[in-house]
1. State all residues of region 125-148 that are away from ligand 1 (no atom under 14 Å from the Cβ), closer than 23 Å to residue 96 by Cβ and open to solvent by 10 Å² or more (accessible area, probe 1.4 Å); if no residue qualifies, say none.
2. Against the condition surrounded by fewer than 18 Cβ atoms within 10 Å (Cβ to Cβ), β-branched (Val, Ile, Thr), under 27 Å from the mean Cα position of the chain (by Cα) and within 23 Å of residue 265 (Cα to Cα), how does residue 390 come out, does it pass?
3. Just checking, how many residues over region 149-166 are out of contact with any Asp or Glu (no Cβ under 6 Å at 6 or more places or on another chain), more than 16 Å from ligand 2 (Cβ to nearest atom), more than 22 Å from residue 97 (Cα to Cα) and touching a residue at least 12 places away in the same chain (Cβ under 8 Å)?
4. Is at least one residue of region 62-72 away from ligand 1 (no atom under 14 Å from the Cβ), within 21 Å of residue 146 (Cβ to Cβ) and part of a loop (DSSP other than H, G, I, E, B)?
5. Scan region 414-425 and tell me whether some residue there is at pLDDT below 80 and among the hydroxyl-bearing types (Ser, Thr, Tyr).
6. Which ones in region 25-34 are touching a helix residue (DSSP H, G or I) at 6+ places or on another chain (Cβ under 8 Å) and either within 16 Å of ligand 2 (Cβ to nearest atom) or open to solvent by 10 Å² or more (accessible area, probe 1.4 Å) (or both)?
7. Picking from 202, 210, which residue would you name as being open to solvent by less than 20 Å² (accessible area, probe 1.4 Å) and closer than 22 Å to residue 230 by Cβ?
Amino acid sequence: MSGCHSKKCGIGTDELFSLPEDIRKRVEDHPCYSQDAHHFYARMHVAVAPACNIQCNYCNRKYDCANESRPGVVSELLIPEEAVKKVLAVAMEIPQMTVVGIAGPGDPLANPNRTFRTFELIKEKAPDIKLCLSTNGLRLLDHIEKIKGLGIDHVTITINAVSIKTASRIYPWIFYNHRRYRGSEAAKILLERQYDGLKACVENGILVKVNTVFVPEINGEEIEEISRRVRSMGAFLHNIMPYVEGEGTAFQRMGVKPPTPYQLKEIQEKCEPHMSLMRHCRQCRADAVGLLGEDRGQEFTKDKVAKLEIRYDPEFRKTMHEEIEKEREKIRKAREVLISPAHEEDFKVLVAVASKNSMLVNEHFGTAKEFLIYEVSSRGIKFIHHRKVTPYCHGSISCLDGENILKDTLAKLSDCQAVIAAKIGFEPKDLLKKSGIQCVDEFAYLSIPEALAKYYEKYVLNKERVEVI
Ligand code: CLF
Ligand code: SF4
């Protein structure tokens with residue numbers, strides 16, 4: 001069994017090889033643009049952009065820009081010189097870091113001097129690092145030449161609507177050309193600027209990812225249309241991010257609800273025929289450091305970096321990347337071996353996997369903070385999304401409010417046929433079994449594709465009875 005076989009489910013291993021050579025080179029080590037790369041390569045963000053020029057109703061301005069971050073996160077603000085020092089430090093300490101993004105804490109293009117000065121310094125001192133920018137799009141058109149000139153090859157635009165009516169329910173105002181616009185006037189300008197900015201990026205050969213914050217009762221009806229439209233305009237990827245309720249936001253005061261995992265899955269399925277979707281986004285902080293899903297920011301605070309003496313060594317980094325590629329090749333080959341011949345019966349099942357690193361089955365059911373949901377069939381393995389849960393065991397202090405937490409987890413996994421984890425305790429096994437979910441802990445510490453392939457062979461194709469102790 002191999003990775004995703006669908007042409008439209010993100011840029012997995014197979015898709016990477018079907019891309020034109022120049023595009024493949026640009027995405028193969030970008031952890032956000034290639035689902036495969038995110039297991040091997042890291043990104044970092046530098047929080048140099050404090051101001052914002054619009055207001056989103058899901059944003060509380062005390063925190064980082066919610067267009068790429070989880071709400072309620074505050075990043076340590078840096079000036080460009082501090083930022084570049086941090087980049088060089090991380091690049092030597094975490095050589096698999098290949099991309100530096102600026103994604104806040106406000107909007108990078110509402111702070112053009114700080115943003116571009118930072119990129120200039122990185123380009124000068126570490127030209128092997130990819131540059132990435134995430135913006136609300138209002139000022140994108142004004143800076144296309146600069147973006148292209150600096151070789152910023154990856155731009156994310158957050159686009160949440162196609163109609164002015166919907167956009168005006170998301171954005172109460174924008175600040176544009178020294179004036180504040182409100183209501184539909186603001187929505188009209190912003191939408192035009194976002195789509196025109198997308199067009200200009202594509203015309204200039206910049207790879208565009210579109211982020212959309214999915215708020216079912218506000219823009220749920222337009223997500224599919226956004227997918228279609230951005231695809232037709234040449235965007236490379238669409239990242240449909242679930243709206244996460246943030247403290248003190250307008251949407252929270254209005255009682256607007258986040259999507260359920262099922263609503264998210266449903267909307268992804270609707271959009272997939274139109275567009276390649278990013279499904280592995282982790283809604284990072286504006287100062288995130290490390291592999292997606294891990295945050296090593298605390299190792300590189302301003303104080304710690306200020307004391308370091310850094311000798312940037314591109315040769316060392318190159319050697320490390322060659323080693324990573326050798327490893328990657330081995331894993332790729334191992335996956336190919338798992339391909340099973342097309343089976344006459346092609347049952348699709350959803351399986352939840354507990355993993356600490358998105359690579360191995362190495363997390364216990366009770367301590368998992370999230371489950372990785374996969375669709376498995378004889379055609380292959382398709383990653384669907386992550387589902388956050390509350391761990392019901394905290395090491396030796398077991399089961400704080402365990403019953404309710406377990407119920408909540410079961411509700412979140414109710415559409416899955418099985419849970420695969422490194423270990424599953426008696427109590428959850430019992431409850432999972434009663435809910436008709438198989439408990440599988442015999443594949444502990446195997447790679448996720450291997451565990452899923454073995455599960456499928458043994459329990460779906462051969463319909464062997466699952467041993468639930
Ligand atoms: Fe950062 Fe964004 Fe560039 Fe990636 S993040 S600026 S494209 S380097 Fe990635 Fe983080 Fe999701 Fe963003 S997982 S929030 S999509
Ligand atoms: Fe907040 Fe980002 Fe929207 Fe600005 S663009 S209001 S920082 S979510």
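The values are calculated or read from the model by the stated rules, or taken from the named source; none is laboratory data. Since the structure is predicted, the reported quantities are computational estimates derived from the model, not experimental observations. Quick reminder, even Gly has a Cβ in these numbers, built from the backbone with ideal geometry, and neighbours come from all protein chains shown. The area values use the complete protein model at the heavy-atom level, side chains included, leaving out ligands, DNA and RNA. Shrake-Rupley method; radii C 1.70, N 1.55, O 1.52, S 1.80 Å.
1. 125, 127, 128, listed by residue number.
2. Values: surrounded by fewer than 18 Cβ atoms within 10 Å (Cβ to Cβ): yes; β-branched (Val, Ile, Thr): yes; under 27 Å from the mean Cα position of the chain (by Cα): yes; within 23 Å of residue 265 (Cα to Cα): yes.
When the stated conditions are applied, residue 390 passes them.
3. Taking region 149-166 first, the residues out of contact with any Asp or Glu (no Cβ under 6 Å at 6 or more places or on another chain) are 149-160, 163-165.
Within this subset, residues satisfying the condition of being more than 16 Å from ligand 2 (Cβ to nearest atom) are 149-154, 163-165.
Now drop any that are not more than 22 Å from residue 97 (Cα to Cα), which leaves 149, 163-165.
Then drop every residue that is not touching a residue at least 12 places away in the same chain (Cβ under 8 Å), which leaves 163-165.
So the answer is 3.
4. no
5. Scanning region 414-425, I find no residue that is at pLDDT below 80 and among the hydroxyl-bearing types (Ser, Thr, Tyr), so the answer is no.
6. Just the residues of region 25-34 that are touching a helix residue (DSSP H, G or I) at 6+ places or on another chain (Cβ under 8 Å), to begin with: 27-34.
If the condition is that a residue be touching a helix residue (DSSP H, G or I) at 6+ places or on another chain (Cβ under 8 Å) and either within 16 Å of ligand 2 (Cβ to nearest atom) or open to solvent by 10 Å² or more (accessible area, probe 1.4 Å) (or both), then 28, 29, 32 are the ones that fit.
7. Values: 202 fails: open to solvent by less than 20 Å² (accessible area, probe 1.4 Å).
Within the list 202, 210, the selection yields 210.
Residue by residue, here is whether (1) among the small types (Gly, Ala, Ser); (2) in contact with a Lys or Arg (Cβ under 7 Å, 6 or more places away or on another chain); (3) over 22 Å from residue 142 (Cα atoms) holds:
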site: 159; (1), (2), (3): no, no, no
site: 163; (1), (2), (3): yes, no, yes
site: 170; (1), (2), (3): no, no, yes
site: 188; (1), (2), (3): no, no, no
site: 195; (1), (2), (3): no, no, no
site: 223; (1), (2), (3): no, no, yes
